[in-house]
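Taking it in order: structure first as structure tokens, then the write-up.
The values are calculated or read from the model by the stated rules, or taken from the named source; none is laboratory data. What you see is a predicted model, and the numbers here were worked out from it, not measured in a lab. Here the Cβ is made from the backbone with ideal geometry for all residues, glycine too, and neighbour counts use every protein chain on show.
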Amino acid sequence: MWRNNIRKILGLIFGLAIVVLIAGVSGVFGRTAAVEVPTTVVVKGEFIDYLQVRGEVKAVRSVPLTVPTTGGGDLQIVDLAKNGMNIKKGDVVVRFDPMTVQRTLNDRRSELKQAEEEIGKTRALYRIHEQQAQTDVTKTRYDVQRAELDTVPHEFLSQVEQEQKKLALADAKARLNEAERKLRAWGDIEKAELGSRTQKRDKARFDVEYAERQMGGLEIVAPVDGVVAIMPNWRSCCPPPDFKPGDRAWPGQVIAEVPDLSTLRVTAKLEEAERGRMQLGQRVVVRADAVPDKELPGTIGDMSALARVDFSNWPPQRNFEMIVKLDQMDARLRPGMNATVRVAVDRVADAVLMPARAVFQKNGRSVAYVSRTRGGWDERLVQFARRGQEQLVVRDGVRPGERVALKDPVSPVK
């Protein structure tokens, strides 16, 4: 009895295992069959080969904002407008630390005050000397007058006494001439001394005015309406970051620019093979990375005749420069934005076209998978007349109207 029960239990377990195995196999096949392969139709039309290059939005005209010349070395940035910020004429873009210039201004003002005090002291000193010289002139002139009175002939004076009086008169006149000469000399000396002191004062006054102008130049204001474009700080590396508050800038350095947004262009770098496929006046389409929802039409305005060494990458490369003129502007465009320039470099009319991602490499061959009417796939060897980045011109292998797979239908299921 118990043996029959064991057989029944084993039979039940064996049956459940078979059911589970069948369900698993059915699930695997069901999942395999449920895998959908995306497809597309081979069409006939015009083939357009596009060449895409990367570029940067730049302004042809811009107003540079330079660091003022203070005569005291570098200046430290205290406040700086944000890159891409909209500004109005007269708005403060950069403000520098005034400590160094203020110290210089205080020194110059002290020198000016000292020079003015020296002029006052010089005038007072020479006024005393002139008064003393004038007193000496007056006294000697009185002595001359008294000596002249003494030389009047007198019958009671002997000849010797009269000669002595004459000698005394001559001596008084000589002292008068000497006193008058000293008076004139003090005037000339005062004039020369005051001239030297005045020149020193004028130089000190000029230094004060120059330092005051430097204080006024510590705030750089926007000369026109526009957008602030902060320039890179080439003292930092690598790559050089934009200027920021706390950085030190040297006199004459361009710290920011206010570009004219009506003169925006796109500048791109071309390799030698790419330049040979482009022509002046060729139509292009520009899409800025920061404005992805709009394409801007334009034309190739200029291409450099000689290659230039580009040191932004290592090792340096030699590239040609291409300038694209935009037919219309977008208010969101700003200098420094990266953009993609797409140029139609080749056209083939009435061509058999299929997507490039519908071709697969199998054992060194290019194959496509064509959908059968009753299901399944035909693997066909395909040949191409032209290759583009997105489309291919088919020479042989598939026909218009056939549906091809965009994903390898025979690759192992992962």
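For region 390-414, a residue qualifies if it is surrounded by 11 or more Cβ atoms within 10 Å (Cβ to Cβ) and farther than 14 Å from Val42 by Cα, and the qualifying residues are Lys407, Asp408, Pro409, Val410. Listed by first and then second residue, the pairs with beta-carbon distance under 7 Å, at least 6 apart or on different chains, first residue in region 103-125 and over 26 Å from Gln214 (Cα atoms), second of a type in the set (Asp, Glu), are Thr122/Glu193.
Just one of the listed residues (Leu296, Leu261, Leu218) is surrounded by 13 or more Cβ atoms within 10 Å (Cβ to Cβ), touching a Leu at 6+ places or on another chain (Cβ under 8 Å) and modelled with pLDDT of 90 or more, namely Leu296. Can you find a residue that is assigned to a helix (DSSP H, G or I), surrounded by 14 or more Cβ atoms within 10 Å (Cβ to Cβ) and touching a helix residue (DSSP H, G or I) at 6+ places or on another chain (Cβ under 9 Å) anywhere in region 225-235? Looking through region 225-235, none of the residues is assigned to a helix (DSSP H, G or I), surrounded by 14 or more Cβ atoms within 10 Å (Cβ to Cβ) and touching a helix residue (DSSP H, G or I) at 6+ places or on another chain (Cβ under 9 Å). Scanning region 245-277 for residues that are over 30 Å from Asp97 (Cβ atoms) and of a type outside the set (A, V, I, L, M, F, W, C) gives Asp260, Ser262, Thr263, Arg265, Thr267, Lys269, Glu271, Glu272, Glu274, Arg275, Gly276, Arg277. Checking region 1-20 against the condition returns a match, with at least one residue being at pLDDT below 80 and among the polar types (S, T, N, Q).
For the subset of region 70-92 comprising residues that are assigned to a strand (DSSP E or B) and in contact with a Ser or Thr (Cβ under 9 Å, 6 or more places away or on another chain), which member is surrounded by the most Cβ atoms within 10 Å (Cβ to Cβ)? Going through the qualifying residues, I end up with Leu75. In the set Asp310, Asp260, Asp327, only one residue is free of Cβ contacts under 8 Å to residues at least 60 places away in the same chain and within 30 Å of Leu80 (Cβ to Cβ); that residue is Asp310. Of the strands (runs of 3 or more DSSP E) lying entirely inside region 243-318, those containing at least 1 residues that are among the acidic types (Asp, Glu) span 254-259, 296-303, 308-310. Please work out if Ala249 is in the same structural domain as Gln317 (by TED's automatic domain parsing) and touching a residue at least 60 places away in the same chain (Cβ under 8 Å). Considered against the rule, which asks whether it is in the same structural domain as Gln317 (by TED's automatic domain parsing) and touching a residue at least 60 places away in the same chain (Cβ under 8 Å), Ala249 comes out as no. For region 356-366, the candidate set comprises residues that are crowded, with 16+ Cβ neighbours inside 10 Å and not small (Gly, Ala, Ser); within that set, the residue that is nearest to Val42 (Cα to Cα) is Val359.
Checked against the criterion of being within 30 Å of Trp250 (Cβ to Cβ), within 60 Å of the chain's Cα centre (by Cα), of a type outside the set (Gly, Ala, Ser) and not in a helix (DSSP H, G or I), the candidates Arg95, Arg108, Arg103 yield just one match: Arg95. When the criteria are applied in full, Lys58 fails the requirement of being at pLDDT 85 or above and surrounded by fewer than 16 Cβ atoms within 10 Å (Cβ to Cβ). In region 376-385, the qualifying residues are those that are surrounded by fewer than 19 Cβ atoms within 10 Å (Cβ to Cβ) and closer than 18 Å to Thr40 by Cβ, and the one that is farthest from the chain's Cα centre (by Cα) is Gly376. Meeting the requirement of 1 or more residues that are without any contact (Cβ under 8 Å) to a residue 40 or more places away in the chain, the strands (runs of 3 or more DSSP E) wholly within region 361-414 are 365-371, 377-381, 383-387, 391-396. Of all residues in region 321-346, those that are in a strand (DSSP E or B), under 21 Å from the mean Cα position of the chain (by Cα), within 13 Å of Asp289 (Cα to Cα) and not hydrophobic (A, V, I, L, M, F, W, C) total 1.
Against the test of being in contact (Cβ under 8 Å) with a residue 60 or more places away in the chain and in contact with a Gly (Cβ under 6 Å, 6 or more places away or on another chain), the options Val208, Val221, Val254 yield a single qualifying residue, Val221. Among the residues making up region 137-190, those that are hydrophobic (A, V, I, L, M, F, W, C) and not in a helix (DSSP H, G or I) are Val152, Phe156, Leu157. Just to be sure, is Arg181 closer than 30 Å to Glu117 by Cα and in contact (Cβ under 8 Å) with a residue 60 or more places away in the chain? No.
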